[in-house]
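Written below as structure tokens is the structure these notes are about.
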Amino acid sequence: EPTENLGDAFLLTGKHMYVDAFEKALRIHKKRIKQITEVTTSPTEHNYTTNPYHDSQIIRAEMLAYTYLTMKHQNLSEDTHATMMWTMLRSCRFADFNIRTAYTYGNHQTYESGGLASAACLFPEFPECGTWIKTASRSIKYHFENELYPDGAYMERCGYHSVAMGFVMHAVATVKANHAEKRFPELMNR
């Protein structure tokens, strides 16, 4: 998540030192994910903040993607491009698998679905993108049909209403900003 700040700083200042810092962070990310996945024996053995098999991992990857896309044309190394594509592909495949495997009540699967929708919108070049769009859109629709009160409030009170709605609306905004509404008929359907 801290790479978001690098993207914002680059947008505000245009200074290339933020691009360099992003590439350095991405090299560390690649090394760390490789270390974690090589020794992981159970998807639940890590704390969610470092767990590449947690439902929140798609949100972390999506935030990384915004920084990458902000800096994409700044002479990034081939390794940076490859690491981003690997990260997005791995994250989207896992989120798609996780969502399709079982319905999970509550905000976690809702924000995971929102993250998958956003990532699918941002990276249409992946062959599986159409499947990710369907998985995310159907999941969001199902959650909203079953987890909202008639007045529109999310059944998980407190801050979870804003978490679930925020990530879904973020996905909708991403789709609209990229003029991709036709690719997301279920998500964009009232």
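The values are calculated or read from the model by the stated rules, or taken from the named source; none is laboratory data. Predicted model, so just to flag it, every value in this text is computed and none were measured. Cβ: placed from backbone, ideal geometry, glycine included. Neighbour counts: every protein chain shown. Accessible surface is based on the protein model in full, side chains and every heavy atom, while ligands, DNA and RNA are left aside. Shrake-Rupley method; radii C 1.70, N 1.55, O 1.52, S 1.80 Å.
What the table shows:
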| read-out | value |
| --- | --- |
| Pairs where the first residue, in the stretch 7-26, is among the hydroxyl-bearing types (Ser, Thr, Tyr) and the second is surrounded by 14 or more Cβ atoms within 10 Å (Cβ to Cβ), C-beta under 8 Å, 6+ apart | Tyr18/Leu6; Tyr18/Gly7; Tyr18/Ala9; Tyr18/Phe10; Tyr18/Met71 |
| Looking only at the stretch 64-74, and only at residues there that are touching a residue at least 12 places away in the same chain (Cβ under 8 Å) and either of a type in the set (S, T, N, Q) or farther than 16 Å from Thr3 by Cα (or both), the one that is surrounded by the fewest Cβ atoms within 10 Å (Cβ to Cβ) | Gln74 |
| Of all residues making up the stretch 101-124, the number that are surrounded by fewer than 16 Cβ atoms within 10 Å (Cβ to Cβ) and at pLDDT below 95 | 6 |
| Selection status of Phe167, open to solvent by 90 Å² or more (accessible area, probe 1.4 Å), within 16 Å of Ala61 (Cβ to Cβ) and not aliphatic (A, V, I, L, M) | no |
| Which listed residue, of Tyr154, Tyr111, Tyr149, Tyr103, is in contact with a helix residue (DSSP H, G or I) (Cβ under 6 Å, 6 or more places away or on another chain) and more than 15 Å from Cys92 (Cβ to Cβ) | Tyr154 |
| Matching residues, the stretch 78-99, being in contact with a Leu (Cβ under 9 Å, 6 or more places away or on another chain) and either open to solvent by 70 Å² or more (accessible area, probe 1.4 Å) or not in a helix (DSSP H, G or I) (or both) | none |
| The stretch 160-190: number of residues that are modelled with pLDDT under 95 and out of contact with any helix residue (DSSP H, G or I) (no Cβ under 9 Å at 6 or more places or on another chain) | 2 |
| Residue match in the stretch 38-56 (condition: assigned to a helix (DSSP H, G or I) and open to solvent by less than 70 Å² (accessible area, probe 1.4 Å)) | no |
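Yes/no matrix, rows are residues, columns are (1) closer than 23 Å to Asn98 by Cβ; (2) of a type in the set (Ser, Thr, Tyr); (3) touching a strand residue (DSSP E or B) at 6+ places or on another chain (Cβ under 9 Å); (4) touching a residue at least 60 places away in the same chain (Cβ under 8 Å):
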| residue | (1), (2), (3), (4) |
| --- | --- |
| Tyr48 | yes, yes, no, no |
| Gln57 | yes, no, no, no |
| Glu62 | yes, no, no, yes |
| Leu76 | no, no, no, no |
| Asp79 | no, no, no, no |
